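Asks: Quick one: the structure is below, and I'll ask about it shortly.
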Amino acid sequence: MAKFFGILGDEDTTTDNPQLSRNNIQLGVNYKRFSKEPVLGKNIVIRSNSIIYNDVVIGDDFKTGHNVIIREKTNIGNDVLIGTNTVIEGECVIGNNVSIQSNVYIPRNTIIEDNVFIGPCACFTNDRYPIRVDYKLKGPRIRKGASIGANTTFLSNLEIGEGAMVAAGAVVTRSVPPFYLAIGTPAKIKPLAASLRVKNNI
């Protein structure tokens, strides 16, 4: 059985340890019949009031803040941080070495590649015409090494290119090419300064 660290700290606990109930951690929410318990890697830190559904796979060195929700059929790589109050709605793919800060909303069918940074309060969407038109839900694809600033908003079905940056507060209505900057409301797209064409230091 996979081990992880509960919020109380220093000792390893497992899914049948009473520490889970003391911290209101729910591992393996059964959303449908025959769903499978989550698979957790090594060196896991899950903090209080977090919920992880069945059919979730998580790699090594994973950490959450408090009150994190990870819905079903989500796959998460190694060295990933999910900040406090972040919601991942399910059927998402998150790569390795990803840092997602607090209060981020990630809708169903989102793909986040390796070495991505997402600042606090970023909000992604997957429905272009909410409750008005029958639309196939399409979350964003965030390519490797992209960096997303705080308080940003994204329309559905966008691609944020490799190494691209999105400035804080931007409202992104179209895809951002690799190594470009999106800034403003609605966001304007312009080439990224040479000094910013470097790897994320996560």
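Asks: Please work out the Cα convex hull volume for the chain and give it in Å³ per residue.
Replies: Convex hull volume per residue, Cα atoms: 111 Å³.
Asks: From the phi of every residue in the stretch 97-110, what ³J(HN,Hα) in whole Hz does the Karplus formula 6.51 cos²θ - 1.76 cosθ + 1.60 yield, where θ is phi - 60° and glycine or proline is x?
Replies: 6, 10, 10, 10, 7, 6, 6, 9, 10, 10, x, 4, 6, 9
Asks: Continuing with the same structure: Considering only protein heavy atoms, what per residue accessible area in square angstrom results for the chain with a 1.4 angstrom probe? Can you show the working numbers first?
Replies: Values: 10280 Å² over 202 residues.
Normalised by residue count, the accessible surface of the chain is 51 Å².
Asks: Kindly flag which residue pairs out of LYS136/LYS199; LYS73/LYS190; LYS36/LYS199; LYS63/LYS144 have an alpha-carbon separation exceeding 28 Å in this structure. Walk me through the intermediate numbers first.
Replies: Details: LYS136/LYS199 33 Å; LYS73/LYS190 36 Å; LYS36/LYS199 37 Å; LYS63/LYS144 20 Å.
From LYS136/LYS199; LYS73/LYS190; LYS36/LYS199; LYS63/LYS144, over 28 Å: LYS136/LYS199; LYS73/LYS190; LYS36/LYS199.
Asks: When the Cα centres of the stretch 167-202 and the stretch 43-74 are compared, how far apart do they sit, in Å?
Replies: 29
Asks: Could you give each residue of the stretch 134-140 its phi-based ³J(HN,Hα) in whole Hz, using Karplus coefficients 6.51, -1.76, 1.60 with θ = phi - 60°, and x for Gly or Pro?
Replies: Here the 3J(HN,Hα) series is 6, 10, 5, 5, 9, x, x Hz.
Asks: ILE94's amide H: which non-local residues (gap 5+, or another chain) put their own amide H closer than 5 Å, with H modeled 1.01 Å from N in plane and none for Pro or chain starts?
Replies: ASN75, ILE76, GLY77, ILE112
Asks: Sort 24-35, 120-131 for me by packing, meaning the mean count of neighbouring Cβ atoms within 10 Å per residue, highest on top.
Replies: Working: 24-35: 14.0, 120-131: 16.4.
Going from most to least packed, we get 120-131, 24-35.
Asks: Taking all protein chains in place and a 1.4 Å probe, what share, in percent, of the accessible surface of the chain do carbon and sulfur account for?
Replies: Numbers: 5200 of 10280 Å².
Here carbon and sulfur together make up 51 percent of the probe-accessible area.
Asks: When the helix-only estimate is applied to the chain (DSSP H runs of n ≥ 4, each -39,500 (n - 2.57), divided by the residue count), what is the mean residue ellipticity at 222 nm, nearest 500 deg cm²/dmol?
Replies: -500 deg cm²/dmol
Asks: Listed highest first by mean packing, meaning other Cβ atoms within 10 Å per residue, what order do 76-83, 167-174, 48-55 come in? Show your work: numbers first, answer last.
Replies: On the way: 76-83: 21.8, 167-174: 17.1, 48-55: 20.1.
Result, highest mean Cβ count within 10 Å first: 76-83, 48-55, 167-174.
Asks: Through the Karplus equation 6.51 cos²θ - 1.76 cosθ + 1.60, θ set to phi - 60°, convert the phi angles of the stretch 165-172 into ³J(HN,Hα) values in whole Hz; use x for Gly and Pro.
Replies: Rounded to whole hertz, the list is 10, 10, 6, 4, x, 5, 10, 9.
The values are calculated or read from the model by the stated rules, or taken from the named source; none is laboratory data. The model shown is predicted, which means the values in this text are computed figures rather than measured ones. Here the Cβ is made from the backbone with ideal geometry for all residues, glycine too, and neighbour counts use every protein chain on show. These accessible areas exclude ligands, DNA and RNA; they are computed on the full protein's heavy atoms, side chains included. Shrake-Rupley method; radii C 1.70, N 1.55, O 1.52, S 1.80 Å.
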